[in-house]
1. Which residue is surrounded by the most Cβ atoms within 10 Å (Cβ to Cβ), if the candidates are limited to region 61-70 and must be in contact (Cβ under 8 Å) with a residue 60 or more places away in the chain and part of a helix (DSSP H, G or I)?
2. Restricting to strands (runs of 3 or more DSSP E) lying wholly in region 95-207: which have 3 or more residues that are modelled with pLDDT under 80 and polar (S, T, N, Q)?
3. Considering each of GLU358, GLU392 in turn, give the residue that is crowded, with 17+ Cβ neighbours inside 10 Å and at pLDDT 50 or above.
4. Determine if region 223-232 includes at least one residue that is of a type outside the set (A, V, I, L, M, F, W, C), crowded, with 21+ Cβ neighbours inside 10 Å and under 24 Å from ALA66 (Cβ atoms).
5. If a residue has to be of a type in the set (A, V, I, L, M, F, W, C) and crowded, with 22+ Cβ neighbours inside 10 Å to count, how many in region 42-55 make the cut?
6. Only one of these conditions is not met by ALA242: (1) of a type in the set (A, V, I, L, M); (2) within 24 Å of ILE351 (Cβ to Cβ); (3) part of a helix (DSSP H, G or I). Which number is it?
7. Among the residues of region 332-358, write down those that are closer than 16 Å to SER321 by Cβ and either outside the structural domain of ARG387 (by TED's automatic domain parsing) or free of Cβ contacts under 8 Å to residues at least 12 places away in the same chain (or both).
8. If you go through region 331-342, how many residues are surrounded by fewer than 18 Cβ atoms within 10 Å (Cβ to Cβ) and modelled with pLDDT of 95 or more?
Amino acid sequence: MTIGNYTETEFGRTLKLFIRPAKPVDELGMLHGREKQLETIRRSLFADGRSVFIFGDRGVGKSSLARIAASQYRDNRKDFLYVQCEPDSTLPSVLVALARQAGVAEKDEQERTHSFSAGWGEMLRYTHERKTRSSEDKLIEPPSLDACAELVVDIGNAAGQKAIAVVDEFDAIRDVRERQRFGDLLKRIGDRGIEFKFILSGIGASLHDLLGGHLSSIRQLQTVELDRLSWDARWEIIEDAAAGVGVTIDHDLCVRIAAISNGFPHYVHLLTEKLLWRMFSDPGSVTSATVDHYRGALDDAVESIAPHLKEPYLTATQRVSEDYRDAVWAAADAYDLQRHTTRMFESYVRICRQIGKEPLERKKFLARLNDLKGGKYGEILQSLQNRTGWYEFRENMVRGFVRLVAEQNGIELFDQATDAPKQLTARAPNIRPRQAFRVPNAPRIRFRGETRDDDDETSR
């Protein structure tokens, strides 16, 4: 444990200045690759009556972008209002939550007298009185859109100049009509010139998905679609964290971390965090990451993934036949989140060659893909509506876990983005695979460049 002579506490505190795998980032210096989106939001909020809607896939950093954009609007203060939606949230309940944060809720103080008597007859009776004060919250949910707009005025007055609220996980609201009412409110406060800004964020492929087709408020909204991180942004996260604790990470290992993450910030942060902790735990003097550190980080990352992300993969793959495991790996073998069976079969054949096994014929492989849509197999995949032969993962954070496990088992999955660096096509680092999440007695998997002689050497 000799990285910069840090103690464990000092190292942990320094690391969290650069890496946040478990929560949204709230510092501008940690938000990589989002400069253009921040500029768009910043400039759009100058317009009277305009709010912002950030949408995109789960795990691409919508909450982080929303928080930092709100902080910038508040002149780099973090006292913006924030509410996280739940399935039963409504427009009035969200506004009441914001009002309480802003201090709008009025309290009605009442004094009550409590008495207690005991005994027999007038002479022997004992009486005790105790006075207490109770506080009753008088703030009620506004019953109409006009009342909602008036409450927004009160919230803005309480919050002060440049009042802004982040309404996060907007897609969690089950009732489409309630989501539509948010659109009506934005139109109402925009038309009335009420100076209050909202930044809403939610999972969706379009604003249509989130507002249920009710787009009358579109001129009040600046929409920002957030895609996955570019290669440059992934690289910056890794290198900034390494430099922050005074070490370096080999170029090939940076390539692998960037590729496995598939552009999802969570996985870049998670793998980098685990790698740096492995380096810190090394008993020797450490200045640069090694393949062994990387292998250990993969194990740690897979182990730390939340059970709800592991379960679909394990349900799909824990079977006598490894065909389903290989099919799931093939489905995750690209940058594209939606893939045609033709491309997936090509990936499957390549993976089988790495493993050294005979691939199934195409018809049987397609049957395995179809099975993976069913509950018996964790419903890990789903078909695209109106697009024959196209599949996607039901949850793309699960897809990220699949890529981690494949890498852990020695399978190099590609990340064929248009902006991928040329180095990605180079040979992967000579990392021998681990045994975790493998079917017992499964054949050993080799990286490119490894031979059977390597197997003999490691078994000695």
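The values are calculated or read from the model by the stated rules, or taken from the named source; none is laboratory data. Computed from a prediction, not measured in an experiment: that's the story for all the values here. Please note: Cβ atoms are built from the backbone with ideal geometry, for glycine as well, and neighbour counts cover all protein chains shown.
1. That would be ALA69.
2. Values: elements: 107-118, 126-137, 164-168, 197-203.
Where strands (runs of 3 or more DSSP E) fall fully within region 95-207 and carry at least 3 residues being modelled with pLDDT under 80 and polar (S, T, N, Q), they are 107-118, 126-137.
3. Just a single option satisfies the conditions, and that option is GLU392.
4. Of all residues in region 223-232, those of a type outside the set (A, V, I, L, M, F, W, C) come to 223, 225, 227-228, 230, 232.
With crowded, with 21+ Cβ neighbours inside 10 Å added as a condition, the list becomes 228.
The next check asks that each one be under 24 Å from ALA66 (Cβ atoms); those that pass are 228.
Yes; the residues of region 223-232 include at least one that is of a type outside the set (A, V, I, L, M, F, W, C), crowded, with 21+ Cβ neighbours inside 10 Å and under 24 Å from ALA66 (Cβ atoms).
5. Just the residues of region 42-55 that are of a type in the set (A, V, I, L, M, F, W, C), to begin with: 45-47, 52-55.
Now narrow it down to the ones that are crowded, with 22+ Cβ neighbours inside 10 Å: 52-55.
Total satisfying the criteria: 4.
6. (2)
7. Here is the first cut: in region 332-358, the ones closer than 16 Å to SER321 by Cβ are 348, 351-352, 355, 357-358.
Passing the criteria: only GLU358.
8. Residues that pass the stated criteria total 2.
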